[in-house]
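Scroll down for the structure; my scribbles are underneath it.
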Amino acid sequence: MTVLPGLNLELPRSWSAATLAEVTSKIGSGATPRGGSAVYVASGPALIRSQNVYDHEFKTEGLAFLGPDAATALRGVTVESGDVLINITGDSILRTAMVPDAVLPARVNQHVAIVRSNGKVCPGFLQKWLSLPLMKDYMLGHSSGGTRKAITKGHLQSFPIPLPPIEEQRAIAATLGALDDKIESNRRAIALIPQLVRARVDASISQAGDRIAVAELARFVNGGAYTKGATGTGRMVIRIAELNSGPGGSTVYNDIDVPDEKVARAGDILMSWSGSLAVYRWFRDEAIVNQHIFKVIPTGYPAWLVFDRLDAVMPIFRGVAADKATTMGHIQRGHLESTNVEIPVGPEIEQLNEMLSPLWGRLLSAEREVVRLTELRNALLPELLSGRMRVPTEGAAA
């Protein structure tokens, strides 16, 4: 039996242990280029920031691009194919992802570190190890910086890592990576389908359309104050935090009985009307709708159309909310009556529904599958990375 130092994690006899310094050729963070926003250009080498790095996911939204001089000045922190990226400061500390080849050439700023394998560790295995909750707790225990946590190069170099035979590392990375790939495929569909709906609706309206009040699209049922006296068990109470980020450590659960129209089920449309105004599709298990959120119940119009039209007028509602300087920004029911929205004419809605309704169903399936696959990956992580569960190594890609 092998024991991983620091974590006292029992490993299979065929595994060894090392430090990150022993299995990497580079560990280091980048820098913010001098010159402010003037150094950013429309295209060029990418500057990767912490907002681009999520666990198992690289988000291209908000990528900045460097001009030739700034890129040259940061050539010492050039990202290479196969590099593992990890956030080392701030609220997103220890989020980690592999850099996609499509983003290269790229540099990193001072909040992101490059961890580059020297060939003794499979990069995919390395990234999964750094994302393991047990390992994150260990790393946070070694962080510095008081209220603003930070991990230094020295910290990273000293951290332990288990080392299965390289073929087994690749097999573990491939197993977990296959789940990542399917999750990412679903996410692309989730992003694209609403865009397709919008394009079809806009094209139809450009030919002929009607204008109706937003209130005519659906019934808007406000949630209740269901977090007070919550039991801690039962159904999730949906607040804006759960709509934006999903359930987390502060999520409230309650066994309370509520009217059916204040219950959200997969496929329902929800709209936050105070604070952070937005429209959402609920794709998780049955839950309770809290106050400041409307359950939107379509009244004769397809769900895809109601969602899209609400999303289209949301900038107007956000403008109304922003004008309420002395209170938390919100809208009132009267705004649903006084705000108009364009919709396709009746026969055209029927034709569009034949094409878009199945796509709407595919969208819900993709969202629910992301939840299931994420839960499966998170359950497999500690088992595979500790060797409690083994995977066959035959055929693992080099």
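The values are calculated or read from the model by the stated rules, or taken from the named source; none is laboratory data. This structure is a prediction, so every number in the text was calculated from the model and none was measured. Quick reminder, even Gly has a Cβ in these numbers, built from the backbone with ideal geometry, and neighbours come from all protein chains shown. The accessibility values were calculated without ligands, DNA or RNA, using every heavy atom of the protein model including side chains. Shrake-Rupley method; radii C 1.70, N 1.55, O 1.52, S 1.80 Å.
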Check: Right, Tyr301: part of a loop (DSSP other than H, G, I, E, B) and not hydrophobic (A, V, I, L, M, F, W, C) or not?
Finding: yes
Item checked: Residue that is farthest from Leu163 (Cα to Cα), among those in the stretch 84-117 that are open to solvent by 10 Å² or more (accessible area, probe 1.4 Å), among the small types (Gly, Ala, Ser) and not in a loop (DSSP other than H, G, I, E, B) -> Ala102
Check: Is it fair to say Val197 is in contact (Cβ under 8 Å) with a residue 12 or more places away in the chain, open to solvent by less than 20 Å² (accessible area, probe 1.4 Å) and either small (Gly, Ala, Ser) or touching a Phe, Trp or Tyr at 6+ places or on another chain (Cβ under 6 Å) (or both)?
Finding: yes
Note to self: Restricting to the stretch 313-372, name every residue that is within 20 Å of Gln207 (Cβ to Cβ) and either among the aliphatic types (A, V, I, L, M) or in a strand (DSSP E or B) (or both).
What the structure shows: Asn340, Val341, Glu342, Ile343, Pro344, Val345, Ile349, Leu352, Met355, Leu356
Notebook entry, point to check: Going by the conditions given, is Gly334 open to solvent by less than 30 Å² (accessible area, probe 1.4 Å) and either free of Cβ contacts under 8 Å to residues at least 60 places away in the same chain or over 19 Å from Ser272 (Cα atoms) (or both)?
Noted result: no
Notebook entry, point to check: Across the stretch 50-78, what is the total count of residues that are open to solvent by 60 Å² or more (accessible area, probe 1.4 Å) and of a type in the set (D, E, K, R)?
Noted result: 4
Notebook entry, point to check: In the stretch 194-245, how many residues are within 19 Å of Phe307 (Cβ to Cβ) and either part of a loop (DSSP other than H, G, I, E, B) or touching a strand residue (DSSP E or B) at 6+ places or on another chain (Cβ under 7 Å) (or both)?
Noted result: 20
Check: Within the stretch 146-174, can you find the residues that are over 22 Å from Asn118 (Cα atoms) and within 26 Å of the chain's Cα centre (by Cα)?
Finding: Thr147, Arg148, Lys149, Ala150
Item checked: Filtered residues of the stretch 120-145 (kept if in a loop (DSSP other than H, G, I, E, B), open to solvent by less than 60 Å² (accessible area, probe 1.4 Å) and farther than 15 Å from Arg95 by Cβ) -> Val121, Cys122, Gly145
Notebook entry, point to check: Any residue at all in the stretch 168-176 that is outside any helix (DSSP H, G or I) and either open to solvent by less than 20 Å² (accessible area, probe 1.4 Å) or in contact with a strand residue (DSSP E or B) (Cβ under 9 Å, 6 or more places away or on another chain) (or both)?
Noted result: no
Check: Which condition does Gly62 not pass, out of (1) within 25 Å of Leu11 (Cα to Cα); (2) free of Cβ contacts under 8 Å to residues at least 60 places away in the same chain, if it passes all the others?
Finding: (1)
Item checked: Every residue from the stretch 362-379 that is crowded, with 16+ Cβ neighbours inside 10 Å, out of contact with any Pro (no Cβ under 9 Å at 6 or more places or on another chain) and more than 16 Å from Asp181 (Cα to Cα) -> Leu364
Notebook entry, point to check: Ser245 is checked against (1) crowded, with 16+ Cβ neighbours inside 10 Å; (2) more than 25 Å from Val214 (Cβ to Cβ); (3) under 19 Å from the mean Cα position of the chain (by Cα); (4) not charged (D, E, K, R) and fails just one. What number does that condition carry?
Noted result: (1)
Next item on the list: Find all pairs meeting these conditions: Cβ atoms under 9 angstrom apart; at least six residues apart or on different chains; first residue within the stretch 74-88 and on the phi > 0 side of the Ramachandran plot; second residue not acidic (Asp, Glu).
Entry: Gly82/Met98; Gly82/Val99; Gly82/Arg116; Gly82/Ser117; Gly82/Pro123; Gly82/Gly124
